[in-house]
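The values are calculated or read from the model by the stated rules, or taken from the named source; none is laboratory data. Since the model is a prediction, treat every value here as computed from it, not as a measurement. Positions of Cβ are generated from backbone atoms using ideal geometry, with glycine treated the same way; all protein chains shown enter the neighbour counts. Just the protein is used for accessible areas: all its heavy atoms, side chains included, with ligands, DNA and RNA removed. Shrake-Rupley method; radii C 1.70, N 1.55, O 1.52, S 1.80 Å.
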Amino acid sequence: MSRYEDIEKRKSLDGKVYKRNTIYPEIPPSIDDIYIKTTGGDRYDTLALQFYGDSSLWWIISSANNSERASLVVKPGVQLRIPADAQAALQLFDSVNADR
């Protein structure tokens, strides 16, 4: 199941159909979080696959590190926080995007 499936579609007054913007929550730090130093070729999606077993959870790592979402590529030599509890991040995502 993709988190994009449930994003509400809306229609503008001139009849154009669009999807509501997704809000990515701030992921609070936890004592169980993992910290890594990136190397050449690291990407948010491949890191999510490595740590969570699901590349679509790239946004958790990106949000935890206040990253711009213009690219999945991470600069080498940067310290990243990998949130330990992906399930808690998914619950935060659901709560900030519910009933908007």
When the residues of region 55-86 are narrowed to those that are in contact (Cβ under 8 Å) with a residue 24 or more places away in the chain and of a type in the set (D, E, K, R), which ends up least open to solvent (accessible area, probe 1.4 Å)? Arg81
Would you confirm whether or not region 76-89 contains a residue that is modelled with pLDDT of 90 or more and at positive phi? yes
Using beta carbons and a limit of 6 Å, which pairs, at least six apart or on different chains, have the first residue in region 15-35 and part of a loop (DSSP other than H, G, I, E, B) and the second one among the acidic types (Asp, Glu)? Arg20/Glu8
Subset of region 8-57 [over 15 Å from the mean Cα position of the chain (by Cα), over 18 Å from Asp94 (Cα atoms) and among the basic types (Lys, Arg)]: Arg10, Lys11, Lys16, Lys37
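Pick from region 1-53 the residues that are of a type in the set (Phe, Trp, Tyr) and open to solvent by 80 Å² or more (accessible area, probe 1.4 Å): which of them is modelled with the lowest pLDDT?
Initial filter on region 1-53 (of a type in the set (Phe, Trp, Tyr)): 4, 18, 24, 35, 44, 51-52.
Within this subset, residues satisfying the condition of being open to solvent by 80 Å² or more (accessible area, probe 1.4 Å) are 4, 18, 35.
Working: Tyr4: 60, Tyr18: 75, Tyr35: 98.
Checking each candidate, the answer is Tyr4.
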